[in-house]
Amino acid sequence: MEVKRIDRIGRLLQKELGDLFRLQTRAMHGTLISVTSVRVSPDLGVAKVYLSIFPPERKAELMEAVEASRRTVRYDLGQRVRMQLRKIPELVFYLDDSLDYVENIDRLLNS
């Protein structure tokens, strides 16, 4: 039962964070930050957020910007989910490079 709740909270955070990043990156034409997955700790204290960034050339720059605005993102998230969650978890952002891995495998298979 507890695992279902944690999964539900992870999906809720993923959806809301995806909306937040979509709204924030709308002004930056040609840039897309998507939330690929969110893993929440059993005590709901920490949420590991995996981000996919397009274009790949700006990964480092955009990850620094996301890390710098971590508190603002957490506050905005809290405003969105305050009726569903009592405690908003600390956000830890990671770069999801699974798409790069798949692209590399495709490139190796085609050559």
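The values are calculated or read from the model by the stated rules, or taken from the named source; none is laboratory data. All of these numbers come straight from a predicted model, not from anything done at the bench. Here the Cβ is made from the backbone with ideal geometry for all residues, glycine too, and neighbour counts use every protein chain on show. These accessible areas exclude ligands, DNA and RNA; they are computed on the full protein's heavy atoms, side chains included. Shrake-Rupley method; radii C 1.70, N 1.55, O 1.52, S 1.80 Å.
Number of residues in the range 57-81 that are in contact (Cβ under 8 Å) with a residue 40 or more places away in the chain and open to solvent by 60 Å² or more (accessible area, probe 1.4 Å): the value is 1. Is at least one residue of the range 3-22 exposed (fewer than 10 other Cβ atoms within 10 Å of the Cβ) and without any contact (Cβ under 8 Å) to a residue 60 or more places away in the chain? Within the range 3-22, one or more residues are exposed (fewer than 10 other Cβ atoms within 10 Å of the Cβ) and without any contact (Cβ under 8 Å) to a residue 60 or more places away in the chain. Being in contact with a Phe, Trp or Tyr (Cβ under 8 Å, 6 or more places away or on another chain) and open to solvent by 80 Å² or more (accessible area, probe 1.4 Å) is the requirement here; does Leu108 meet it? So Leu108 does not fit the description; no. Tallying residues that are assigned to a helix (DSSP H, G or I) and out of contact with any strand residue (DSSP E or B) (no Cβ under 9 Å at 6 or more places or on another chain) within the range 1-15 yields 5. Looking across the range 47-56, just one residue is touching a Phe, Trp or Tyr at 6+ places or on another chain (Cβ under 9 Å) and surrounded by fewer than 17 Cβ atoms within 10 Å (Cβ to Cβ), and that is Lys48. Take Leu44 and tell me if it is on the phi > 0 side of the Ramachandran plot and either surrounded by 15 or more Cβ atoms within 10 Å (Cβ to Cβ) or not β-branched (Val, Ile, Thr) (or both). Yes; evaluated as a whole, the condition is true for this residue.
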